[in-house]
Amino acid sequence: MRIAVVTDAWHPQVNGVVTTLYRTAATLEEMGHEVLVVTPERFRTVGCPTYPEIRLALAPRRGIHRLFDAFRPQAVHIATEGPLGWTARACCRQRGLGFTTSYHTRFPEYVRLRFPIPLPVSYAVVRRFHTAARRTMVATAPLREELAARGFRNLVLWGRGVDTSLFRPRPKIHLDGPRPIFIYVGRVAVEKGLEAFCRLGLPGSKYIVGDGPAMDDLRARYPAVRFTGYRRGEELAQTMASADVFVFPSRTDTFGLVLLEAMACGVPVAAYPVTGPLQLVKNGENGVLDADLRQAALAALAVDSSRCRAFANTFSWQACTSQFLDNLHDNDPHAQPRTP
């Protein structure tokens, strides 16, 4: 099958959305499918307001039409609600092509943290985007229920995987701070709730691995926290495996792929009992959920690392991609799209 995947989120961004789409495209190709990934790299771009490292494609309409003409996709999946996503949506509707979408990010909440736009307004825009899709893929059942309550339709599940050959238990020698070591890995941005982590009164050391628009402010206000910047690949896996507890202070993530990566390294997770972590963290088995994040972090020190690894081993990119493909197979790409 010739599958076009359109996404505004791509390298050099480092986040769960990019990882998921990159690994899914690679696995699809390993399975024998042709994949066209349409990303901002193919267009002139401008930095996103308040988040310049995110590049937004400028005037991509002609480019997307040319790519679709040359590739002749048999299935189209639109992963994000940015300029490329909206343009691909319009292109498909103009051509009478059905398409699927996926809901990765709580975009309305993220916008609300930066601009005074009411949530109902933002959700109306995002809902309109997805309503034209044959199916909208979401990572968890609770998220599906939440979006259904907000008026989203045709919601199906699309799980996630983890590279357990890269993310695996290793000697705890790659971080030199006093133990126990509590770590966060991911985007350093206001929506990640990192100030809650920085404020925690914990023994040992706190590390933040990643970068983003909130980095300078947090570093200036919390000098005791160690900020490493981005780490990737083997270096990232070594760093993560050297921690004693992975602390996830976000209340807005729809899944939290990084939680699986930490567990694959044998590192238990401490998080709030909210949508993403509730699907992945089993209290006392692979981490601890608590409304008091400090208590969760301290209790997670007692969790057996081998049980974290065993849980992560139940997730694979092969299974994740097969589920994605099943959702595409159920889509008729040439049917007339609905009118939102």
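Residue pairs whose Cβ atoms lie under 6 Å apart, separated by 6 or more positions or on different chains, with the first residue in the range 50-78 and among the small types (Gly, Ala, Ser) and the second in a strand (DSSP E or B), are Ala57/Thr45; Ala75/Ile3.
If you check Pro169 against the conditions, is it surrounded by 14 or more Cβ atoms within 10 Å (Cβ to Cβ), more than 16 Å from the chain's Cα centre (by Cα) and of a type outside the set (Phe, Trp, Tyr)? Criteria met by Pro169. Among the residues in the range 305-313, are any hydroxyl-bearing (Ser, Thr, Tyr), part of a helix (DSSP H, G or I), surrounded by fewer than 20 Cβ atoms within 10 Å (Cβ to Cβ) and touching a residue at least 40 places away in the same chain (Cβ under 8 Å)? Checked against the condition, which is being hydroxyl-bearing (Ser, Thr, Tyr), part of a helix (DSSP H, G or I), surrounded by fewer than 20 Cβ atoms within 10 Å (Cβ to Cβ) and touching a residue at least 40 places away in the same chain (Cβ under 8 Å), the range 305-313 yields at least one hit.
Examine the range 157-166 for a residue that is in contact with a strand residue (DSSP E or B) (Cβ under 8 Å, 6 or more places away or on another chain) and within 15 Å of Asp244 (Cβ to Cβ), and state whether such a residue exists. Within the range 157-166 (the criterion being in contact with a strand residue (DSSP E or B) (Cβ under 8 Å, 6 or more places away or on another chain) and within 15 Å of Asp244 (Cβ to Cβ)), the answer is no, since none of the residues qualifies.
Taken over the range 187-197, the criterion of being closer than 15 Å to Tyr272 by Cβ and touching a Gly at 6+ places or on another chain (Cβ under 8 Å) is satisfied by Lys192 alone. Of all residues in the range 196-210, exactly one satisfies the criterion of being assigned to a helix (DSSP H, G or I) and small (Gly, Ala, Ser), namely Ala196. What about Pro213, is it open to solvent by 40 Å² or more (accessible area, probe 1.4 Å), farther than 24 Å from Leu289 by Cβ, touching a Gly at 6+ places or on another chain (Cβ under 8 Å) and part of a loop (DSSP other than H, G, I, E, B)? Answer is no for this residue.
A single entry from Leu293, Leu301 fulfils the requirement of being farther than 21 Å from Ala139 by Cβ, over 20 Å from the mean Cα position of the chain (by Cα) and either at pLDDT below 95 or surrounded by 21 or more Cβ atoms within 10 Å (Cβ to Cβ) (or both): Leu293. Where strands (runs of 3 or more DSSP E) sit wholly within the range 1-102, those with at least 1 residues that are surrounded by 19 or more Cβ atoms within 10 Å (Cβ to Cβ) and modelled with pLDDT of 95 or more occupy 2-6, 34-38, 51-57, 75-78, 100-102. In this structure, Ala241 does not satisfy being open to solvent by 20 Å² or more (accessible area, probe 1.4 Å), at pLDDT 95 or above and either of a type in the set (A, V, I, L, M, F, W, C) or over 24 Å from Gly276 (Cβ atoms) (or both).
The values are calculated or read from the model by the stated rules, or taken from the named source; none is laboratory data. In this text, all values refer to a predicted model and were calculated from it rather than measured experimentally. Ideal geometry is used to build each Cβ from the backbone, glycine not excepted, and the neighbour counts take in all protein chains shown. Just the protein is used for accessible areas: all its heavy atoms, side chains included, with ligands, DNA and RNA removed. Shrake-Rupley method; radii C 1.70, N 1.55, O 1.52, S 1.80 Å.
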